[in-house]
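Peer 1: There's a structure below that I have some questions on.
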């Protein structure tokens, strides 16, 4: 049994909640979750430090310890990167690339934070119903990408003459509703409060998942000519990862997403053919997987297999356990 002290600062942090739930599943870990540094900290085999750890009182007492593990470093958080870490748990390849020259560590593990579900029977097999497209995650992603996404969906509905239900699942209570969305008689937009139960309810009837990953980069685009359509615009946040993809995967849902490092690293060759980066490609890929249910089913299975073979909590915990056994 490996004794772990897990120090955190915000108990309502989504990242902390996800890691707490997934790490607690490992029977080889005996974890004490705490927001203060206890006097007996030397009795633990490892001390996990959630990002923002510098705000914990007396944290400097750990500076020369050789059993520190940093969980999901974040730029802009209060982290003393002068500490030397035995291991860093990165949420994605993007974060590992960003921090590899900024902090010292011996080992690393890519461990995306996301909730696991016990999937019940899906209702997607019901015939003669509308196409259901769902987004879940941070409001900032849908706000940032709403023009290219909704322009594509409006065009899809018009050209294929179909009715579409769009579920937007995010933290409405905390951030308010996404504004200035299009109105169209063929499109119904539902704003859904982010919760474990609502994810399960809506994804069980979802046909296609939306996972925008990139940010607008207007300053760069301004230097391009108006007719220049041959450039990628792939600006993304360093905490970008495939956690949202893995939630859709558990429900056997294909995703329309963009080519950030984690996506390119873990998606198979055929799935890479269905990545998007502009309004035109969002439309083309949505159209292809809407009209071809066989392709949709195949991509859904590939997404499911990506999760099942590589990123189930048990697999990630087994990889972590192996790294902690010196």
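Peer 1: Specify the residue that is nearest to residue 322 (Cα to Cα); the eligible residues are those in the stretch 1-20 that are part of a helix (DSSP H, G or I) and in contact (Cβ under 8 Å) with a residue 24 or more places away in the chain.
Peer 2: Start the filter on the stretch 1-20 by keeping residues that are part of a helix (DSSP H, G or I), which leaves 14-20.
Subsequent filtering for residues that are in contact (Cβ under 8 Å) with a residue 24 or more places away in the chain retains 14-16, 18-19.
On the way: 14: 26, 15: 23, 16: 22, 18: 21, 19: 18 Å.
Per the criteria, the residue is 19.
Peer 1: Follow-up. Considering 239, 259, which residue is within 30 Å of residue 4 (Cβ to Cβ) and outside any helix (DSSP H, G or I)?
Peer 2: That would be 239, the only listed residue that is within 30 Å of residue 4 (Cβ to Cβ) and outside any helix (DSSP H, G or I).
Peer 1: While we're on this one: Residues that are at pLDDT 95 or above and not assigned by TED's automatic domain parsing to the domain that holds residue 281: list the helices (runs of 4 or more DSSP H) wholly contained in the stretch 118-217 that include at least 2 such residues.
Peer 2: none
Peer 1: Failed condition for residue 186, given (1) in contact with a strand residue (DSSP E or B) (Cβ under 7 Å, 6 or more places away or on another chain); (2) buried (at least 16 other Cβ atoms within 10 Å of the Cβ), with all others met?
Peer 2: In the conditions (1) in contact with a strand residue (DSSP E or B) (Cβ under 7 Å, 6 or more places away or on another chain); (2) buried (at least 16 other Cβ atoms within 10 Å of the Cβ), residue 186 misses (2) alone.
Peer 1: Is there a residue being modelled with pLDDT under 95, within 17 Å of residue 109 (Cα to Cα) and part of a loop (DSSP other than H, G, I, E, B) anywhere in the stretch 21-34? Before you say what the answer is, go through the steps one by one.
Peer 2: Restricting attention to the stretch 21-34, the residues satisfying the condition of being modelled with pLDDT under 95 are none.
Checked against the condition, which is being modelled with pLDDT under 95, within 17 Å of residue 109 (Cα to Cα) and part of a loop (DSSP other than H, G, I, E, B), the stretch 21-34 yields no hits at all.
Peer 1: With 176, 137 as the choices, which residue is on the phi > 0 side of the Ramachandran plot and in contact with a helix residue (DSSP H, G or I) (Cβ under 6 Å, 6 or more places away or on another chain)?
Peer 2: 137
Peer 1: Another question, then. Search the stretch 268-296 for residues that are within 21 Å of residue 242 (Cβ to Cβ) and outside the structural domain of residue 252 (by TED's automatic domain parsing) and pair each with any residue that is surrounded by 14 or more Cβ atoms within 10 Å (Cβ to Cβ) and modelled with pLDDT of 95 or more when their beta-carbon atoms are under 6 Å apart and the residues are at least 6 apart or on different chains.
Peer 2: The qualifying pairs do not exist here.
One line per residue, one yes/no per condition, for (1) surrounded by fewer than 18 Cβ atoms within 10 Å (Cβ to Cβ); (2) under 30 Å from residue 48 (Cβ atoms):
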site	(1), (2)
114	no, yes
146	no, no
196	yes, yes
212	no, no
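Peer 1: So in the stretch 44-55, with the set limited to residues that are surrounded by 16 or more Cβ atoms within 10 Å (Cβ to Cβ) and touching a helix residue (DSSP H, G or I) at 6+ places or on another chain (Cβ under 9 Å), which one is farthest from residue 322 (Cα to Cα)?
Peer 2: Taking the stretch 44-55 as the starting set, the residues that turn out to be surrounded by 16 or more Cβ atoms within 10 Å (Cβ to Cβ) are 44, 46-53.
Now drop any that are not touching a helix residue (DSSP H, G or I) at 6+ places or on another chain (Cβ under 9 Å), which leaves 46-51, 53.
On the way: 46: 14, 47: 16, 48: 16, 49: 19, 50: 20, 51: 23, 53: 25 Å.
Step by step, filter the stretch 44-55, then rank; the result is 53.
Peer 1: Checking the condition in contact with a helix residue (DSSP H, G or I) (Cβ under 7 Å, 6 or more places away or on another chain), surrounded by fewer than 17 Cβ atoms within 10 Å (Cβ to Cβ) and modelled with pLDDT of 95 or more, which residue from 295, 290 passes?
Peer 2: The unique qualifying residue is 295.
Peer 1: Inspect the stretch 25-43 for any residue being buried (at least 17 other Cβ atoms within 10 Å of the Cβ), under 19 Å from residue 80 (Cβ atoms) and under 28 Å from the mean Cα position of the chain (by Cα) and give the result as yes or no.
Peer 2: no
The values are calculated or read from the model by the stated rules, or taken from the named source; none is laboratory data. Not measured: the values here are computed from a predicted model. In this analysis, Cβ positions are derived from the backbone assuming ideal geometry, glycine residues included, and neighbour counts consider all displayed protein chains.
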